[in-house]
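**Student:** Below you'll find the structure I mean.
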Amino acid sequence: MGCGGLVAMTMVVRVVGLLVTMVIMQSGGATGGVRESLIKPVVEMRCESINGTRKREFVTRAMSFKPGTVHNLFFFVDAPEGRFATRDFLAEMVLEDATTPVPLYDTYLHHWLMYEYAVPKNDSDAHKHDLMEELQSDPLGQLKVSARHKDRKRLTEYPGAPDTWFLIQQFGVGAETRHTNTKMPAPYGFEGGDRFGEDYESVWVLNVHAIDTRGAISRMSCTECRCDVFDFNKTGAVILPEGYHGGLACCHDETHCLVKNEFQGETGMKLARNLRFRYTWSWTPWDECVQPLTNVRLDVTEIGFGEQLEYEVGACESNDPNDEVCIDTKVSYQRSPVSGPLISAVGHFHASGISASIWSKDGTLLCESLPIYGQGHSVGNESGYVVGITSCWPPADTGVPYYITKNEMLKFVVKYSMVDGPHTGLMGLINLKIATGRTGLV
């Protein structure tokens with residue numbers, strides 16, 4: 001090695017199950033010598049989160065359905081014990097036997113949402129009662145819960161005695177749940193469970209919104225929550241915004257969608273049945289190898305949860321799905337609230353959806369999420385329904401995720417078909433899973 005030259009030497013040392021990489025920068029001269037050394041431990045070999053995933057199946061209590069029934073219910077539900085990292089979450093509606101899956105054309109799963117709350121251990125039952133009352137008091141339920149509850153101050157901002165509960169995180173999808181890939185690769189995961197110290201406990205709440213469309217006059221009208229086929233205003237207390245033709249305000253809990261005469265009355269009662277919601281949770285115990293994810297949800301209506309969220313598109317005279325005039329395109333520009341590598345992205349839209357795409361500040365396409373439409377009659381392949389939505393991962397050629405910077409302006413585009421329109425109660429969302437080093441709402 002010549003005088004003044006600089007060369008990097010790498011040594012790999014295995015020490016009792018711990019892999020240590022030493023990078024030694026060595027300069028020239030008669031005696032040489034170590035100018036700089038960097039010791040970087042790689043602890044994955046002894047981390048359970050890297051080497052294995054646990055899985056457990058849960059089912060809710062039974063829910064009673066007959067033709068036309070709508071349920072938008074909230075449950076306190078079980079979750080993995082201790083502190084953990086969620087890697088995957090699968091869900092579907094099943095019969096009371098908790099085994100037999102239910103097709104979407106019989107009972108349409110509009111959405112499910114899982115919420116994690118931190119609840120004070122002091123008088124825990126009273127706090128849970130207040131929480132559930134608030135969730136159930138609003139006929140729009142989940143529309144406002146996210147905006148209202150995440151505005152409460154963070155746990156770390158309350159050094160004194162705990163006096164209220166906090167929404168920590170939420171996740172969920174809709175009818176596409178059976179064929180949408182939500183699995184997070186190691187070492188990434190969403191932090192959950194016991195991690196709030198002595199004063200708080202982790203409590204999970206599940207929201208299930210399902211519509212029984214057996215015998216419906218129009219299944220599409222029921223699944224799109226069109227107001228003219230629901231008895232949404234039996235008390236006369238619901239005042240719809242001007243121009244509102246369909247959405248969650250018309251298909252809230254305990255409303256009914258119109259069914260044919262032969263499915264009403266005594267016949268309908270005979271068709272009553274109990275269903276359950278079955279979910280399979282995959283997780284690993286929390287350890288130093290887990291890289292926490294933050295879920296950033298963008299809404300193309302821009303206003304976000306608690307305001308608009310839903311929208312409708314008109315009809316198309318030509319009824320040609322390839323005709324540009326039959327495609328409704330909505331564009332939204334929104335700033336990222338966090339920084340970090342984009343690990344995964346997946347859209348959420350309803351039947352008649354075409355695509356949801358997210359673009360970087362320099363115009364690079366980061367993800368185009370597409371619907372998977374059923375082509376048959378079997379469960380998971382129901383014709384005309386969105387049975388899955390494609391998700392995006394770091395580029396296969398490099399494996400390097402795009403790094404989103406805080407306040408970066410992102411372009412979000414959602415396209416719907418107007419064929420067979422108008423279509424109501426539509427949503428245009430995308431979930432960005434970003435490795436920020438923390439899990440929670442933003």
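The values are calculated or read from the model by the stated rules, or taken from the named source; none is laboratory data. It should be emphasised that the depicted structure is a prediction, and the values quoted were computed from it without experimental measurement. Heads up, the Cβs are rebuilt from the backbone with ideal geometry, glycines too, and the neighbour counts pull from every protein chain shown.
**Student:** Do you know which residues across the range 403-428 are part of a loop (DSSP other than H, G, I, E, B) and more than 21 Å from GLY314 (Cβ to Cβ)?
**Tutor:** Taking the range 403-428 as the starting set, the residues that turn out to be part of a loop (DSSP other than H, G, I, E, B) are 405-408, 418-422, 428.
Selection gives THR405, LYS406, ASN407, GLU408.
**Student:** If only one of SER417, SER383 is in contact with a strand residue (DSSP E or B) (Cβ under 9 Å, 6 or more places away or on another chain) and surrounded by fewer than 16 Cβ atoms within 10 Å (Cβ to Cβ), which one is it? Reasoning before the result, please.
**Tutor:** Numbers: SER417 fails: surrounded by fewer than 16 Cβ atoms within 10 Å (Cβ to Cβ).
Unique residue meeting the criteria: SER383.
**Student:** Restricting to the range 92-126, what's the tally of residues that are within 30 Å of THR164 (Cα to Cα) and of a type in the set (A, V, I, L, M, F, W, C)?
**Tutor:** Within the range 92-126, the subset within 30 Å of THR164 (Cα to Cα) is 111-126.
This time we only want the ones that are of a type in the set (A, V, I, L, M, F, W, C), so: 112-114, 118-119, 126.
Qualifying residue count, the range 92-126: 6.
**Student:** Where in the range 277-374 are there strands (runs of 3 or more DSSP E), lying wholly inside it, with at least 2 residues that are closer than 29 Å to ARG56 by Cα?
**Tutor:** Working: elements: 294-299, 310-313, 327-335, 340-348, 353-359, 365-369, 371-373.
It comes to 294-299, 340-348, 371-373.
**Student:** What is the one condition in (1) closer than 15 Å to ALA210 by Cα; (2) crowded, with 20+ Cβ neighbours inside 10 Å that VAL94 does not satisfy?
**Tutor:** Result: VAL94 fails condition (2) only.
**Student:** Could you tell me how many of the residues in the range 243-276 are more than 32 Å from the chain's Cα centre (by Cα) and either of a type in the set (Asp, Glu) or not in a loop (DSSP other than H, G, I, E, B) (or both)? If you could, list the steps in order and put the result at the bottom.
**Tutor:** The initial filter retains those residues of the range 243-276 that are more than 32 Å from the chain's Cα centre (by Cα), namely 260-271.
Adding the requirement that they be either of a type in the set (Asp, Glu) or not in a loop (DSSP other than H, G, I, E, B) (or both) leaves 261-263, 265-270.
Selection size over the range 243-276: 9.
**Student:** Yes or no: VAL313 aliphatic (A, V, I, L, M) and modelled with pLDDT of 95 or more?
**Tutor:** Values: aliphatic (A, V, I, L, M): yes; modelled with pLDDT of 95 or more: yes.
Here the answer is yes, as VAL313 does meet what is asked.
**Student:** Kindly list, by first and then second residue, each pair from a residue in the range 118-142 that is of a type in the set (A, V, I, L, M) and modelled with pLDDT under 90 to a residue that is part of a strand (DSSP E or B) and surrounded by fewer than 18 Cβ atoms within 10 Å (Cβ to Cβ), limited to pairs with Cβ atoms under 7 Å and residues at least 6 apart or on different chains.
**Tutor:** Qualifying pairs under 7 Å: none.
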